[in-house]
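Taking it in order: structure first as structure tokens, then the write-up.
The values are calculated or read from the model by the stated rules, or taken from the named source; none is laboratory data. Model, not experiment: these values are computed from the prediction. For neighbour counting, all protein chains shown are included, and Cβ atoms are generated from backbone atoms with ideal geometry for every residue, glycine included. What goes into the accessible areas is simple: the full protein's heavy atoms, side chains included, and nothing from ligands, DNA or RNA. Shrake-Rupley method; radii C 1.70, N 1.55, O 1.52, S 1.80 Å.
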Amino acid sequence: MTALLVIGIIILLFIGLLSLKATITVAYSDEVRLSVKVLFFRIRILPKKEKKGPHSMSAAKAEKIRKKARKKAEKKRLAAKEKAKKKADHKFEKKKPKKSISEILDMLTMIRSIAAEVIRRFFGHLRIDIARLKLTIATGDAATTAIAYGAVTQSVNLLFPVLEQVKNFSLPQTADLDIQADFTAEESEADVELSFSLRVWHVFHVAFGALGKFLKHRFQAMSRQ
């Protein structure tokens with residue numbers, strides 16, 4: 001009974017892990033903001049937090065940072081030396097035989113097949129949410145502003161039909177979707193926020209699809225030999 005309970009808990013934890021959803025949010029107003037959210041945890045990637053300089057730290061902490069930097073520099077120097085040594089040794093190695101045209105074409109066919117499967121599965125699971133898209137086009141010159149406004153609106157009109165082909169795609173409310181021209185302002189303004197989300201099991205589904213295509217191609221290649 002205890003064993004079954006433990007197995008049940010493990011299965012539930014595994015299912016819970018696969019059901020986790022990661023959401024990447026990209027926003028722009030005065031600066032680019034990029035964050036990743038998993039459950040209730042949000043990790044800010046951009047803008048990066050400013051690091052305090054050594055003058056605002058204790059002497060011990062500053063010395064620790066300097067010691068770490070010296071170790072990193074030494075490690076980088078040794079890695080470069082090792083790389084140079086390997087490069088010199090490779091000069092004496094025998095050259096690998098060149099692949100034939102048929103082998104190259106076969107490899108390209110495999111890559112195309114895997115890429116098509118990955119794209120198909122990935123965009124089948126990917127969720128795209130445009131929360132806000134507000135653009136004010138201004139250049140300081142009325143004629144240039146008009147041309148720029150036409151180019152931007154045309155680009156957006158071409159982009160939305162492409163995005164709507166994605167299975168899980170949502171547009172913002174009318175109040176949060178606004179593109180206008182300002183013929184008196186000097187600079188353009190933008191207030192944009194969109195997010196991309198995917199669950200863990202979706203990633204495995206994409207990976208297994210790519211692996212399946214690879215194994216199928218290899219099996220067909222072996223059968224032709």
| field | Matching residues in the stretch 145-161 - criterion: being within 12 Å of GLN180 (Cα to Cα) and hydroxyl-bearing (Ser, Thr, Tyr) | value | THR145, TYR149, THR153
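Please go through the stretch 45-65 and pick out each residue that is at pLDDT below 75 and more than 30 Å from TYR28 (Cβ to Cβ).
Quick first cut of the stretch 45-65, residues at pLDDT below 75 only: 48-63.
Of everything in the stretch 45-65, those that are at pLDDT below 75 and more than 30 Å from TYR28 (Cβ to Cβ) turn out to be PRO54, HIS55, SER56, MET57, SER58, ALA59, ALA60, LYS61, ALA62, GLU63.
For the stretch 179-199, how many residues are open to solvent by less than 40 Å² (accessible area, probe 1.4 Å) and either assigned to a strand (DSSP E or B) or modelled with pLDDT of 90 or more (or both)? Before the answer, list the steps.
Filtering the stretch 179-199 down to residues open to solvent by less than 40 Å² (accessible area, probe 1.4 Å) leaves 179, 181, 185, 190, 192, 195, 197-198.
Now narrow it down to the ones that are either assigned to a strand (DSSP E or B) or modelled with pLDDT of 90 or more (or both): 179, 181, 190, 192, 195, 197-198.
Residues in the stretch 179-199 being open to solvent by less than 40 Å² (accessible area, probe 1.4 Å) and either assigned to a strand (DSSP E or B) or modelled with pLDDT of 90 or more (or both): 7 in total.
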| query | Would you call ALA221 within 25 Å of GLU117 (Cβ to Cβ) and of a type in the set (A, V, I, L, M, F, W, C)? | reply | yes
| field | Index of the failed condition, GLY212 passing every other in (1) among the small types (Gly, Ala, Ser); (2) in contact (Cβ under 8 Å) with a residue 60 or more places away in the chain; (3) outside any helix (DSSP H, G or I) | value | (3)
| note | Of the residues in the stretch 118-164 that are part of a loop (DSSP other than H, G, I, E, B) and either of a type in the set (Phe, Trp, Tyr) or without any contact (Cβ under 8 Å) to a residue 12 or more places away in the chain (or both), the one that is most open to solvent (accessible area, probe 1.4 Å) is GLU164
| query | Within the stretch 95-117, restricting attention to residues that are polar (S, T, N, Q) and loosely packed, with under 11 Cβ neighbours inside 10 Å, which residue is modelled with the lowest pLDDT? | reply | SER100
